[in-house]
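Enquirer: Input: one structure, supplied below.
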């Protein structure tokens with residue numbers, strides 16, 4: 001319709017029925033992707049599990065990739081919002097407070113936000129090293145990771161930025177795999193210990209891992225301090241007390 005030379009378009013509104021159907025599809029896809037992996041699940045599998053026609057799935061999500069993108073993206077906004085709120089509430093920044101602001105919102109949502117958050121986090125953790133997982137991470141979380149990385153760079157001003165970035169990304173990988181894909185941990189520990197791990201709440205597991213994460217950043221600080229005392233050591237990128245030792249031929253420091 002035109003009025004005064006201006007074309008007016010009707011605002012597109014999603015019906016409540018359509019919203020419910022999309023939520024049903026996404027909930028089902030989230031559960032299946034989390035349990036079986038992205039590659040093993042088809043759109044038809046999602047339709048059969050949801051008890052609907054395949055045409056309804058393809059109508060809303062024409063490809064499996066678009067379905068995955070919708071699954072990955074619908075929870076990202078809430079998680080990022082909570083992370084930003086916690087980060088902005090910090091008055092005296094430390095590495096520990098910044099890591100808590102990044103990780104605790106996810107743990108709180110997993111423990112108190114319903115089973116969908118558990119499935120979502122396990123799905124993202126399973127795909128952390130895959131092309132599709134990396135693409136989703138870049139699309140939905142790159143800005144938040146950059147904001148937290150900038151905060152860490154400020155409190156670790158004496159450490160080079162590359163080392164800070166490596167430390168932060170390694171911390172994310174450690175947490176995701178340790179908390180949400182614990183199968184490898186179960187295989188390494190005794191049966192009694194594995195039972196304890198299974199009974200742990202996610203917040204308890206994070207509290208156990210947190211000192212390890214902080215220790216890594218403290219080690220970066222110590223290396224930077226050693227480099228300032230011995231510039232030649234810093235240029236070589238070696239660790240004092242280890243790399244400077246003479247090793248037998250064919251051996252490397254670990």
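Enquirer: Any idea what the relative contact order of segment 18-73 is, in percent, if you count C-alpha pairs under 8 Å spaced at least 6 apart? Can you show the working numbers first?
Expert: Numbers: 37 pairs, mean separation 21.9, N = 56.
Contact order relative to length: 39 percent.
Enquirer: Determine, at each q value in 0.23, 0.28 (inverse angstroms), the log₁₀ of I(q)/I(0) that the Debye formula gives when each Cα of segment 18-73 is one equal point scatterer.
Expert: Those come out to -0.79, -1.25, one per q.
Enquirer: With r defined as the distance between the Cβ atoms of residue 52 and residue 204 and R0 fixed at 41 Å, what FRET efficiency is calculated, to the nearest 0.05? Mind dumping the intermediate values first?
Expert: Numbers: r = 39 Å, r/R0 = 0.95.
With R0 = 41 Å, the Cβ-Cβ based efficiency is 0.60.
Enquirer: Hey, rough spin-label estimate for residue 134 and residue 59, points 7 angstrom out along Cα→Cβ, what's it come to in nanometres?
Expert: It works out to 3.8 nm between the two label points.
No lab work stands behind these numbers, since they all come straight from the coordinates. Note that this is a predicted model, so its numbers are computed, not measured. When we count neighbours, we look across all protein chains shown, and the Cβ atoms used for this are built from the backbone with ideal geometry, even at glycine.
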